[in-house]
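One structure below.
Throughout, read-outs are computed from the coordinates displayed, never taken from laboratory work. Computed from a prediction, not measured in an experiment: that's the story for all the values here. Ideal geometry is used to build each Cβ from the backbone, glycine not excepted, and the neighbour counts take in all protein chains shown.
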Amino acid sequence: MSHTPLDQSTTDPMQILGLPREASEQDVRRRYLELVREFPPERDPARFQQIHAAYKAAGDPLVVARRLLNYDCDGPSRPWNEVIQEQKLHPPRLAVDVLLSLGNRAETAQPDAIQSDSTQTNT
Amino acid sequence: MVSKSRKAKNRKVPKRRKPAITSAQDPEKLRRRIARVRPLAYSGELPCDLAVFDDAVLSQLDDNLAVEVRLVQAALQLVSDGFDDEASNQLTPIARRSPLSEWRLFVRGLSDWYADRVDEAQECWKRLDFNRRPSRMAHALTASHRSDLDVLVSAAPTSLLGQQADEKHCDRSILTSAQLVRRTRIDRPALAEAIRETSRREFVPPAIVDQVRIGPERLNWVIDFSKEYQSVEPQLVAALQAEACDRAMKQPFSDLNQIAMKAFPGPAHDPDNLLHQYLYQLQFRDGAEAAAALLKKYLTTSLPKNERISPQLRAAIECEIYLEQARDDIDGDDDGSLLSRFMRKPVDEKNVDKLYRQALAAYPTHTVAHREYVDWIREHVDDDRKNKAERAPFEAKLLPAMQAWSNAVPDEIDPRLWLVDHYLENEKLEEAQPHVQWLAGSRHADPRVRATPWKWELLEAMRLCRRKSWLKDASEKLDAADRLWPAWLRRDWLPYLRAALLLRQNRTEEFAVARAAIRASRSTDEQPFYEISDAAMMLGAAQMMRVPAADLKPLRQPVDDAVKKGGHVSLPDLVQLAYFFWDLYRTSMFYPAYRMHGGKFAMELCNRIKAAKSGELKGLLGTSALDEAFYWLASRRVFSDSYEFKFPNPLPKLVSPLTRAVALIETYLAGSARQRWRLRDHTREIKIVREAAAAQQDPYYRYWFGALADRADAIASAEQRRFSSAGFNPFGSFGFNDEVDDEDEDAQCMCPDCQRRRAYEQAGLPYNEDEDEGDYEDDDYFSDGDGADVNENDQFTTRVDVGGFLNNNNSQYDPIVETPKPPSPKLEIPSDPEIKRKRPKDPMGKKRKKRKR
């Protein structure tokens with residue numbers, strides 16, 4: 001989930017968390033954990049309080065429901081460039097199958113690697 | 001002899017060299033590879049590692065190990081979905097001695113690596129055993145950042161044994177895997193394509209350029225892009241799809257919107273885009289039927305089965321939808337104008353009641369919904385224009401509504417205060433008792449809550465007056481009420497209550513003495529005696545203490561006379577009377593006759609204020625009673641003409657801004673839901689009241705002003721949201737004005753011929769009506785910003801029904817199935833006479849409402 005930088009000048013919980021309007025419950029939680037890691041209470045108590053309050057508000061099902069249902073049909077559209085630049089900051093994560101395949105071993109390469117490894121171990 | 005022309009024809013035209021595309025830039029190659037790769041076992045691999053991706057091996061493992069393997073599988077999926085913390089938590093049950101502890105280390109490092117904390121990742125991964133799969137995966141991920149990766153891949157395997165510890169195990173297959181990671185996460189050909197395509201200007205006929213946010217060309221590109229890159233860049237694809245949907249929603253071309261809604265998955269709460277389509281349809285005047293069908297489908301089919309959101313959110317969405325529908329039903333077609341006030345249809349009260357009940361059934365702890373429902377019922381119960389029979393059904397609804405509210409939201413004091421009054425009134429002491437105890441023990445800031453014991457004693461005294469045999473205990477209760485009398489409430493009424501008790505006890509002589517004492521105390525040199533306020537206070541006390549009708553008659557007479565001959569009552573007397581009524585209002589202790597004459601006195605006082613000379617009013621301004629009188633008048637809604645707040649003419653200059661602001665807010669809050677939306681235009685007044693709350697000495701006003709500001713703020717904010725978005729509001733529009741459209745139909749005509757003519761006129765080119773339809777080849781309109789001709793086969797797709805787009809004829813085009821390509825690949829704007837005949841009068845094919853609020 002992409003997000004924008006923290007906006008401290010607003011009371012909108014989603015803006016404080018730097019999340020888009022349509023962010024899901026999971027996105028809210030994930031972003032909250034990210035921010036807590038970034039601004040732990042011992043380092044920046046005020047910011048932490050703000051983030052925590054925003055998370056509480058954004059997590060209220062009624063607040064979320066109202067946000068999702070109030071669609072601004074006349075509002076401005078985001079420039080395409082902005083949408084893509086936001087994605088640029090977040091490279092895709094590898095799918096599980098692709099990730100596991102990184103550990104594959106070509107049969108031709110296998111003996112060499114194993115041999116060199118075992119040789120070193122023996123020596 | 002071969003002619004020159006034949007020579008020229010036979011000459012081989014050298015093929016234009018395509019620019020070299022490296023593998024890093026070749027998106028097709030990457031897609032193929034991504035689709036092909038899968039984890040493969042190698043000889044000697046441990047079964048527990050194999051089991052992570054091979055179910056057959058997993059089924060052969062012993063139970064404990066199999067459980068841990070499943071945890072690893074779940075954790076890998078969680079990391080892939082971006083839930084790093086959840087993934088780490090998932091693996092905590094795996095012990096250090098377990099063969100699967102390698103996976104725990106790997107997952108921890110993987111989360112760090114994804115978060116660009118490479119050093120932390122290395123720290124985890126350096127402890128991995130190279131003969132295990134997690135280590136090989138970690139090596140591939142680490143190597144993907146190497147600048148010399150391509151060189152290393154092309155080199156011989158034996159040369160790969162580097163000097164550094166982390167390089168010595170890198171065999172060719174690891175480096176090839178690292179290349180794949182680099183292509184996917186660093187080179188990102190899809191991102192490059194997205195940047196290239198979206199920076200290109202899309203052709204839009206000039207006549208509608210202001211309305212188009214996404215045209216058929218861009219929409220088709222997003223569809224194709226999504227198909228191609230879904231597996232490689234799911235988040236980028238989702239972001240582009242969301243933006244395309246958003247743009248399609250914000251433009252008045254329903255065929256394009258339909259395509260977007262069908263082609264792209266919706267957000268988690270609306271995966272089928274039913275709600276989006278419903279919101280879209282609401283904006284069209286003739287879209288109500290389709291919108292209702294879509295909403296029904298969403299509420300009955302899609303939402304209950306949606307497992308992607310929590311049950312609480314499902315319930316909240318359902319509740320909010322019903323609530324908005326109830327509000328819209330109450331609002332009706334009232335756009336605030338004088339005309340709509342007279343033309344609006346009567347509210348379907350049964351349907352509103354049903355919608356409120358459905359909302360509360362979906363989410364019983366929704367305080368706002370409870371309050372709105374109760375306010376709506378009270379509005380009808382207190383409606384003086386309704387007779388008893390008309391009020392009866394609403395009165396019957398009030399008790400269950402209050403009970404449901406109190407049960408669902410136990411911390412809410414309003415329903416409890418009302419229930420205490422109701423139960424005591426109906427002699428249901430046992431049912432009232434728990435509420436009284438709760439309120440007495442509550443530390444709520446509302447002074448009325450702390451005054452509950454006082455009210456209990458007073459109401460008990462009144463209840464004991466019902467029977468002669470109980471009368472002896474009534475004076476004791478009245479003494480208790482006297483001791484507990486709240487500091488914020490005047491004690492003026494207490495002597496009247498004592499006198500009324502004497503009358504009820506048939507101690508007429510003592511009653512006469514008590515009356516004389518009251519008169520003497522109220523008539524001083526500083527202030528004259530106020531006949532009517534005295535009479536009303538006596539009548540009210542007598543009625544509350546259940547004085548028999550025969551004894552009540554002489555007490556009622558002066559009040560009735562004053563109602564009939566209102567002009568004879570002095571203005572200060574009326575103000576004192578209003579002050580008394582204000583005390584009754586804030587303690588919710590109305591005597592029966594109040595319903596008969598309360599409204600009449602309110603109107604009389606309002607009229608007298610309007611007619612009063614400013615000198616007369618200035619004399620009253622020093623008395624604190626005047627402000628309270630205004631507050632009571634505001635609660636009676638006399639400052640509203642059922643349209644907006646209107647303070648009687650001389651008052652705005654005479655009273656303080658605070659009094660005016662309080663009167664305004666109270667007027668709207670006490671008024672109907674149809675008027676409350678106006679509070680959004682009075683943020684200044686809300687601010688005045690809020691700021692004044694903190695400065696008040698009186699605890700009642702300190703709390704009440706704050707509560708008024710809070711309620712007004714909540715309504716104003718909700719209305720701001722509803723106003724700024726189409727949401728469920730039937731007045732949402734794209735800003736089209738029907739009147740302008742109708743009057744200026746020729747200028748706004750969107751038929752292909754007119755569009756083409758306007759395009760030519762705007763470009764300053766001569767327009768030829770006989771020109772071949774759609775042949776724009778030589779026109780400059782289709783050039784992009786760089787001057788390059790974009791009217792090429794690869795630039796304009798014919799898959800979207802462009803004619804439908806322009807005519808907005810709601811084409812049933814399915815974007816997944818390709819329509820046959822027309823002979824010419826150019827953008828064609830059809831001018832089929834059939835289309836012309838069918839073209840609706842409204843240029844956009846839809847009548848839209850203009851929101852006027």
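Quick notes
- Ranked list, fewest to most other Cβ atoms within 10 Å of each Cβ, for B:Val547, A:Val96: A:Val96, B:Val547
- B:Gly266 long-range amide H proximity, modeled H, under 5 Å: B:Asp272, B:Asn273
- With R₀ fixed at 41 Å, the C-beta to C-beta distance from A:Asp97 to B:Thr301 puts the FRET efficiency at about 0.80.
- Distance violations [Cα-Cα > 28 Å] among B:Lys350/B:Lys455; B:Lys397/B:Lys428; B:Lys565/B:Lys610; B:Lys262/B:Lys345: B:Lys350/B:Lys455; B:Lys262/B:Lys345
- Packing-based exposure ordering (other Cβ within 10 Å, fewest first) of B:Asp573, B:Asp551: B:Asp551, B:Asp573
- Rounded to the nearest whole Hz, the Karplus-based 3J(HN,Hα) values (6.51 cos²θ - 1.76 cosθ + 1.60, θ = phi - 60°) of the range B:632-638 follow the sequence 5, 4, 5, 5, 8, 6, 6, with x at glycine and proline.
- The range B:316-454 - Debye-derived log10 I(q)/I(0), Cα point model, q = 0.19, 0.21 Å⁻¹: -1.14, -1.26
- Long-range Cα-Cα pairs in the range B:211-369 (distance over 20 Å), rounded percent: 60
- Summed side-chain charge close to B:Pro311 - residues other than B:Pro311 whose Cβ falls under 13 Å, Lys, Arg +1, Asp, Glu -1: 0
- For the range B:354-427, the extents of the C-alpha atoms along the principal axes are 33, 31, 14 Å, listed from largest to smallest.
- Taking B:Tyr280, B:Tyr579 and counting other C-beta atoms within 10 Å, the order from fewest to most: B:Tyr579, B:Tyr280
- Residues A:Arg78 and B:Glu390, FRET efficiency given R0 of 56 Å [Cβ-Cβ distance, rounded to 0.05]: 0.60
- Computing FRET efficiency as 1/(1 + (r/R0)^6) for B:Asp129 and B:Ala361, where r is the C-beta to C-beta distance and R0 is 56 Å, gives about 0.45.
- Converting phi to 3J(HN,Hα) with the Karplus coefficients 6.51, -1.76 and 1.60 and the offset θ = phi - 60°, the range B:696-711 yields 6, 7, 5, x, 5, 5, 4, 6, 5, 4, x, 5, 4, 5, 4, 5 Hz in sequence order, with x at every glycine or proline.
- Karplus 3J(HN,Hα) series, Hz, for the range B:44-49 with 6.51 cos²θ - 1.76 cosθ + 1.60 (x for Gly, Pro): x, 6, 5, x, 5, 6
- Working from label points 7 Å from Cα in the Cα-to-Cβ sense, the B:Ala66 to A:Asp60 distance is 4.7 nm.
- As computed over the range A:63-110, the Cα convex hull volume per residue (Å³): 163
- Less than 5 angstrom separates the built amide H of A:Ala106 from those of B:Ser173, all sequence-distant by 5 or more or on a different chain.
- For B:Leu489, distant residues with modelled amide H under 5 Å away: none
- Per-residue extension of 0.36 nm, minus the Cα-Cα distance of B:Gln403 and B:Arg196, leaves a gain of 68.3 nm for this segment.
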